[in-house]
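First comes the structure, then the notes that go with it.
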Amino acid sequence: MREPRPAEPARKSGVRTFSRWMFYTHLWLGLLTAGVVVLVSVTGILLNHKRSFGLMPDVPHVPTGTFEGALPLAELARHAAEAVGLEVAATGIDRMDVRPGDGVIKVRFNDRTVREVTLDINNGRVLDVGERNDVFLEKLHSGEIFGANWVLLTDVAALALLVLLASGYWLWLYPRARQ
């Protein structure tokens, strides 16, 4: 019988220590990030189907002209402000979503209920005034609802998923490699 080489037990011990470290990293990182991952997953599914759930208004419209004939943004913003009233208009415009193919612009305000006015880009006619119920989900999904620094939370969750993937593969492969 040959005696085992002294370097081999030390190597196996190092691999076992690494595997044990990988197991506990995988376990605790998985537990800590599970809530964030579930939140991002559920809100992502809801956002993918926001029209079906009635969270976003769907305003059917046939364009009344070309994009080149559209009114200036400032004029369209004025029409939108008139449609929601002074109190909402005073909160300011959050964003303007121009959709040239549909011939519309959606003007979203910063008010508490997040009102949106949909206008015809060529004549400024108000097509719809309503609440955007998906904005809360968007901000929750991105982490923005908790403040600008919390947006990094979704980035940390994404990195944690990569570590979980790598450690999961290691935990799956290590017992097979030992055989």
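Just so it is clear, none of the values below were taken in a lab; they were calculated from the coordinates. Nothing here was measured: the structure is a model prediction, and the numbers come from that model. Note: ideal-geometry Cβ built from the backbone for every residue, glycine included; neighbour counts use all protein chains shown.
State all residues of segment 75-102 that are loosely packed, with under 14 Cβ neighbours inside 10 Å and farther than 20 Å from His61 by Cβ; if no residue qualifies, say none.
Initially, segment 75-102 is screened for residues loosely packed, with under 14 Cβ neighbours inside 10 Å, giving 75, 82, 85-87, 90, 92, 95, 97, 100-101.
Within segment 75-102, Gly85, Leu86, Glu87, Ala90, Gly92 qualify.
Got a sec? Which of Val42, Val117, Val38, Val107 is surrounded by fewer than 12 Cβ atoms within 10 Å (Cβ to Cβ) and of a type in the set (A, V, I, L, M, F, W, C)?
Exactly one residue qualifies, and that residue is Val38.
Name the pairs whose Cβ atoms lie under 9 Å apart, with the first residue in segment 142-155 and in contact (Cβ under 8 Å) with a residue 12 or more places away in the chain, the second among the small types (Gly, Ala, Ser), and 6 or more positions between them or separate chains?
Correct list of pairs: Leu153/Gly143; Thr154/Ser142; Thr154/Gly143.
Being of a type outside the set (D, E, K, R) and either within 30 Å of Val156 (Cβ to Cβ) or in contact (Cβ under 8 Å) with a residue 40 or more places away in the chain (or both) narrows it down to one of Val88, Val98, Val38, so name that one.
The conditions single out Val38.
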